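Okay, so here's the structure we're looking at.
Any read-out appearing in this document is the output of simple, stated calculations on the displayed coordinates, not a laboratory observation. Since the model is a prediction, treat every value here as computed from it, not as a measurement. We place every Cβ from the backbone using ideal geometry, glycine too, and count neighbours over all the protein chains shown.
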């Protein structure tokens, strides 16, 4: 993935690539004269428009996002409520294909750090969780639990972030095949500024992917 930014830090373009080097998709970001994000266009490798996300600001603490496909048909609509500091406190997304809904609420501490959220689902297919809760701890650890409609815990995962990398331990508790898995990042290389340039993704301690990035810095 390659991203380009303006001198004031706004992302302008993002290119994602296939393993052989051809463009997989390209995102183009547009802003209002006030610097607010207004539109993100997603194009495939041939340059064909596949999706557009349009952002509207009906109120100081309200934002709406409408997603259309390449033919211009609306596929989803999201209503977002912000607090006075501009943080998302609630969002509701409606899938216009089947009228299913996803609602998320966020909690913050006195310093403005995200400490937890709850996501509820309605109109989903059988077997889909009805609720997911995440709580974040002071030691950079977070615990996520997914619940069935009757309150049974389906999955539990614990994420630890340290040194710019994460490690996730998953427990699948519901169904006929309870099991545990782990996945993790390992930072292998950093640039002179201390930002990572190469990471390895591991699943059950086995490498499954490598991620590279190059950061170009503006003169300070």
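Rounded to the nearest 0.05, what FRET efficiency do residue 98 and residue 57 give with R0 = 45 Å and r taken as the Cβ-Cβ distance? Could you check?
Working from the Cβ atoms, E equals 0.95.
Please compute the Kirkwood hydrodynamic radius over the stretch 15-64, one decimal place, Å, based on all pairs of different Cα atoms.
Across the stretch 15-64, the inverse of the average 1/r is 12.3 Å.
How high is the relative contact order of the chain, in percent, with contacts defined as C-alpha pairs under 8 Å that are six or more residues apart?
Relative CO of the chain lands at 7 percent.
Taking the Cα-to-Cβ direction at residue 212 and at residue 195 and moving 7 Å from each Cα, how far apart do the two end points lie in nm?
1.7 nm
List 95, 204 from most exposed to least, where exposure is judged by having the fewest other Cβ atoms within 10 Å.
204, 95
Computed from these coordinates, which is semi-axes √(5λ) of the Cα gyration tensor in Å: (1) 27, 22, 14; (2) 47, 26, 17; (3) 29, 27, 21?
(3)
Length gain on complete extension for the stretch residue 202 to residue 12, per 0.36 nm per residue less the alpha carbon to alpha carbon distance?
Going from the current span to full extension adds 65.3 nm.
For the stretch 1-99, taking Cα atoms only, what is the radius of gyration to one decimal and the Dmax to the nearest whole Å?
That works out to 15.2, 46 Å for Rg and Dmax.
Once you put a point 7 Å from the Cα of residue 179 and another 7 Å from the Cα of residue 89, both along the Cβ direction, what distance in nm separates them?
Result for the modelled spin labels: 4.3 nm.
What's the FRET efficiency of residue 3 with residue 140 using the Cβ-Cβ distance as r and R₀ = 41 Å, to the nearest 0.05?
With a Förster radius of 41 Å, E is 0.95.
What does the convex hull of the Cα atoms of the stretch 146-186 come to per residue, in Å³, rounded to a whole number?
In the stretch 146-186, the Cα hull volume divided by residue count equals 57 Å³.
What nm distance separates the two modelled labels at residue 187 and residue 133, each placed 7 Å from Cα along Cα→Cβ?
It is 3.2 nm.
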